[in-house]
Amino acid sequence: MDSPLRHGTYCYPFKKETWMHTILLSFQSIGVVYGRLSTAPLYVFGSIPQNDFKSDESAYEYFSFIFWTLTVLSLVKYTFIVLKADNDGEGGTFALYSLLCKHAKVGLLPNDKTSDDVTNNETGSPSRTKAESRARRAIAKHKSSHYLMLFLALFGSCMIICDAVLTPAISVLSAASGLRRSLTDIKYSSSRKTEDSVLKDLRKYVPVPTSCAILVCLFTLQQYGSHRIGSIFAPVVILWLLFITGVSIYNIFHYDPHIVFAISPKYMYKFFQSISWRSWRSLGSITLCVAGSEAMFADIGHFSTKSIKMTFVCLIYPVLILSYAGQAAFISHALSIKDSSFAIEDYNHFYRSVPDHIHYVFTILSLLASAIGSQATITACFSIVNQCLALGCFPRVKVVHTSDKIHGQVYIPDLNWMIMILSLGITIGFHDIVRIGNASGMAIISGMLVTTCLTSLVIALYWEKSLLLSACFLVFFGSIEAVYLSSNLLNFHKGAWYLAVLLALSLTTMVAWHYGTLKKYQFDIENKVSMEWLTDPTSGLRVSRVPGIGFVYTNVVTGIPAFFSHFITNVPAFHQMLIFVSFNVYLIGRVGNRENKIYRCIVRYGYHDHIRDSDDFEEQIIRSIGEFISLEEHDAESLISTEGKMIIVGKQLPEGDALIPLHDTGATSSPRASTQTNINTTEDTNPKRKRKKVRFMLPTNSPKMCPSVREELNELVDARESGTAYFLGQSHIAVRNGSNFIKRFLIMVYVFFDKNCREPHVALNIPHAALVEVGMVYTI
């Protein structure tokens, strides 16, 4: 489509990203994307039980694992490979699945042929140029593989949602524990009994209440959007990075300069030589060092691939390597003296490696940075759910676009408060870094394994590389992640079970919603009525036409939806002009003969887009109809569908605009009469409410316009002046007798969320006086 304007979106013409813009986005990404990776040193070594540190060689072995895990997974896999697999600037598991749906035809929602034809004929559509490879044909032939890919996408998305619940808890609790330790170092009383009582109260009341207060503040800030939060948080994260860099360099030179040689893989080999169930289980804690890598991919819609890649390679990666090296050097020193009188308690916790004279600076910075560290997974969760919404895999929630320049910066209030409540519950219920770390580690590595599987499919099916290369990618990275996953499974009884509970809740919700959406759409496709039933004068309907325009919202792009045929059967009347509106690709067409005055408008709507108010939409549709009427006679690129000619609109007309809008802000909406049979019409409580009204007129000087075109445009303007009504189907789902338990359960869950979540986006801003909801029972 040539025009940058699409319904429901603030769509901006693409501009090449300048270096200044990249630097600005890089600065903001430090506060949003990299807070999680930057604060991981607070709890990676600390979540490893002290009994697993057998000697000073253990510090070398664990650091070797951390170095190669960060290098292979975060740097090589994500930064140089996975970040290239974005879907129009969006990342995450569902972006990978969307790529496969578009280019390998693995989507489960039935596609209308007309919609596919239009998509494939759009200018610059990649699917038009992709040849049908052997792998793509094999995938398309086996329906079970389609279900497997959907399950992987849903599973990976659920892991990001679960991680968004667990990460704030472990990040903030680890910093609050550091605050508690700092307070316990203070001498409060000369009395031993009083001192013990104060220390006991500090251990009991400081970490959890402090963590809860920080969590509430963190989630309250989310409404201000990624760009504002990033600008506020970035200076704090930069200070934190500078601080841990200085501390780490000091520890390396002061305690053990030879720690730099631990990057040799021989130390990992030594670890495996003396492996045991206990030491194998401790590898699950190493997983936390790459916490935030998956969020780095999911958050690219909030910034840009170039800015995220540049920041990680030039700043985050070298600082993290130094940080873990410095902490390992301190642990190595502490282990070498643990049997002496100078033994250090809690030596595997980061706060112990900080010199005493700057300990309070560390406490303050760690509290601030840990709160910020949760931001990456929270914004990743918003992005993933926004993508799931567009593909019918998540219940309807409100999505707020917080930036008018970057479409991927979204905020979901309902989800934000739900995550906050769950995170507070984990903090209060567990209040243990090790157990929360076990659950978080399993969520991290499971999500990474799903990304590896889907990326290998993208390599073969979308990038069209050889199957051997795709298999090598899967085997190499998948085997590493499988090792870490197995170690995390050994910790299932030590906190990781809570991840299974969160996964069951989120996965059931998403599967049930997608199943219900799929069944509803299949019912609409199977029960739609041909247009001849409505337009053929010999059908015997005897339909009356009333002045005005009727908008009929439907998911099907050909034929008459079942709910509208149900309406016509009971109330044989519709408006002077009728427009069937679907959300798929931007296309305008005529239904039947010119005299019928019935049109179909198929509107592009993806997860980059969001709905504006109904007046803007109504204005855009009417202008598009006018453009179609002007182009219809001489458009060479039109598509002939089963219902007639369809035209992609948004082009510059040779005779100028077909309709000229005249804004009139003084118009009021008045209630219209409604029919009672089988219809639920909601009346407007304030019929005199002021609302924007856009009137249209024809251009006065347009000699190229045909008389028939001018006449039809005049009729369109007159119909608009007579008023507008919006028809929506209100479905009531019933399960067929004899259905199995799983089907009944999924439909029950779907009906629960359908009744209790938000209205469909298209209904939110429609004036109640003009809204006609047609009830119909869907038996599936």
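The values are calculated or read from the model by the stated rules, or taken from the named source; none is laboratory data. Predicted model only: the values in this text are computed from it and were never measured. Heads up, the Cβs are rebuilt from the backbone with ideal geometry, glycines too, and the neighbour counts pull from every protein chain shown. Quick note on the areas: whole protein, heavy atoms, side chains included, nothing else; ligands and nucleic acids left out. Shrake-Rupley method; radii C 1.70, N 1.55, O 1.52, S 1.80 Å.
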ask   = Extension gain Cys314-Arg545, at 0.36 nm per residue separation less the Cα-Cα distance, in nm?
value = 76.4 nm
inquiry  = As a test question: what accessible area, to the nearest 10 Å², does Glu464 have when a 1.4 Å probe is rolled over all protein chains in place?
reply    = 80
message = Taking the full set of protein chains and a 1.4 angstrom probe, give the accessible area of Arg594 in square angstrom, rounded to the nearest 10.
response = 70
ask   = Which length gain, in nm to one decimal place, applies between Val483 and Leu148 when the Cα-Cα distance is subtracted from 0.36 nm times their residue separation?
value = 118.4 nm
request  = Just the number, please: carbon plus sulfur as a percent of the accessible area of region 443-538, 1.4 Å probe, no ligands or DNA/RNA counted.
outcome  = 70
ask   = If all Cα-Cα distances of region 441-514 are sorted into 5 Å bins from 0 onward, what percent lands in each bin, rounded to whole numbers?
value = 3, 15, 19, 17, 16, 15, 10, 4, 1
note = With Asn756 itself left out, Lys, Arg at +1 and Asp, Glu at -1 over residues whose Cβ is under 13 Å from its Cβ give 0
ask   = So how exposed is Trp417, as accessible area in Å² (1.4 Å probe, rounded to 10)?
value = 100
inquiry  = Applying a 10 Å radius around every beta-carbon, put 71-80, 41-50 in order of their mean neighbour count, most first.
reply    = 41-50, 71-80
remark   = Once Glu632, Glu532 are ranked on solvent-accessible area with the largest value leading and a 1.4 Å probe, the list reads Glu532, Glu632
query = When ranked by the protection proxy of mean other Cβ atoms within 10 Å per residue, highest first, what sequence do the peptides 255-261, 377-383 form?
reply = 377-383, 255-261
ask   = Based on the inverse mean of 1/r over its pairs of different Cα atoms, what is the Kirkwood hydrodynamic radius of region 435-565, in Å?
value = 19.9
note = Taking every other residue with Cβ under 13 Å from the Cβ of His258 and scoring Lys and Arg +1, Asp and Glu -1, one gets -3
key: Percent of Cα pairs exceeding the 12 Å cut-off, where the set is region 411-455   = 70
remark   = So, over other residues within a Cβ distance under 10 Å of Gly447, counting Lys, Arg +1 and Asp, Glu -1, the net charge is -3
ask   = Listed here are the pairs Lys102/Lys755; Lys405/Lys465; Lys266/Lys306; Lys105/Lys520; Lys102/Lys398; Lys77/Lys519; which of them are more than 29 Å apart at the Cα?
value = Lys102/Lys755; Lys405/Lys465; Lys266/Lys306; Lys77/Lys519
key: Sequence-distant residues sharing a close amide H with Gly559 (under 5 Å, placed H)   = Met531
note = Expressed in µm² per second, the diffusion coefficient of region 314-392 from the Stokes-Einstein equation, with Rh the Kirkwood radius over alpha carbon pairs, at 20 °C and 1.002 mPa s, is 136
query = Using only Cα atoms, what Kirkwood radius does region 491-600 have, in angstroms?
reply = 16.8
